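First up is the structure itself, then whatever we jot down about it.
The values are calculated or read from the model by the stated rules, or taken from the named source; none is laboratory data. Since we're looking at a predicted model, the values are computed, not measured. A quick note on method: Cβ atoms are made from the backbone with ideal geometry, for glycine too, and the neighbour counts reach across all protein chains shown.
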Amino acid sequence: MVIIFIFIAHWYSSLFFQTVFLHRYASHQMFTMSNFWEKIFFFLTFLTQGSSFLNPRAYAILHRLHHKHSDTEKDPHSPIFSKNIIKMNLNTIKHYESVRLNKKDYSNYDFDVPRWPLLEKLGDNWIVRLSFIGFYTLLYIEFTTASWQYALLPVHFIMGPLHGSIVNWCGHRYGYTNDKKTIDNSKNTLPIDFLMMGELFQNNHHSKPTNLKFSRRWFEVDPGYIITKFLSKIKIIRLKNA
């Protein structure tokens, strides 16, 4: 059972920093934090995503492009213009690398994004990525008690992009809508949102992209919002609408 605990801990810790730091903070600037805490969140994002580290600047710009061109041909990751999830992910990688390597002018989207050049360089280094993969593999060699548990190992390698892939594919294909006025195909995929900490309330989020709370109806729960409110209570972050 140790491996199951390790897997769950890695899944939700990586997801937490993606939804709170990369999405709600870096991309949408829903709250502010001191330079000290920004560095702490930046480092913990690097640590928990590990081999699948997502550059915060590239993530934020890509996400802003997604909102501006949601479910159109210019959307970096729309399932509407991809025949399958593999093609959607390949398109995402192409756009992500374009942003990360500054292949185009993204100045209209590149504002107030958290930067840490040294950690960005480390996170994007393939030796560092392979070192994380080696660490995960050693954990499995040490703690695996059944051969089927090794099937979970590759998930650790791609944890960050996998979370984004689930959200972008499911959140724009399956579920219901609370706001039918949105011009895209965003949905609320409630049945599996317990895996995604509120990220699959895509229709709610796309209808009000600056709203910290992704849930709307009584049966919708946004764990990311609850944790972020707690961080505000203990003065780690400052909500803009507080």
| For the stretch 61-78, does any single residue satisfy the condition of being over 25 Å from ASN185 (Cβ atoms) and either buried (at least 19 other Cβ atoms within 10 Å of the Cβ) or out of contact with any helix residue (DSSP H, G or I) (no Cβ under 6 Å at 6 or more places or on another chain) (or both)? | no
| query | Residues in the stretch 59-82: is at least one closer than 25 Å to SER232 by Cα and outside any helix (DSSP H, G or I)? | reply | no
| remark: Residue set LEU15, LEU54; condition within 30 Å of THR144 (Cα to Cα), touching a residue at least 60 places away in the same chain (Cβ under 8 Å) and not in a helix (DSSP H, G or I); output residue LEU54
| request: Determine if the stretch 134-150 includes at least one residue that is within 19 Å of LEU62 (Cβ to Cβ) and among the β-branched types (Val, Ile, Thr). | output: no
| field | Selection count, the stretch 18-37, where residues are part of a helix (DSSP H, G or I), over 19 Å from PHE157 (Cβ atoms) and either among the basic types (Lys, Arg) or in contact with a helix residue (DSSP H, G or I) (Cβ under 8 Å, 6 or more places away or on another chain) (or both) | value | 8
| Going by the structure shown, is LEU47 modelled with pLDDT of 95 or more and out of contact with any helix residue (DSSP H, G or I) (no Cβ under 7 Å at 6 or more places or on another chain)? | yes
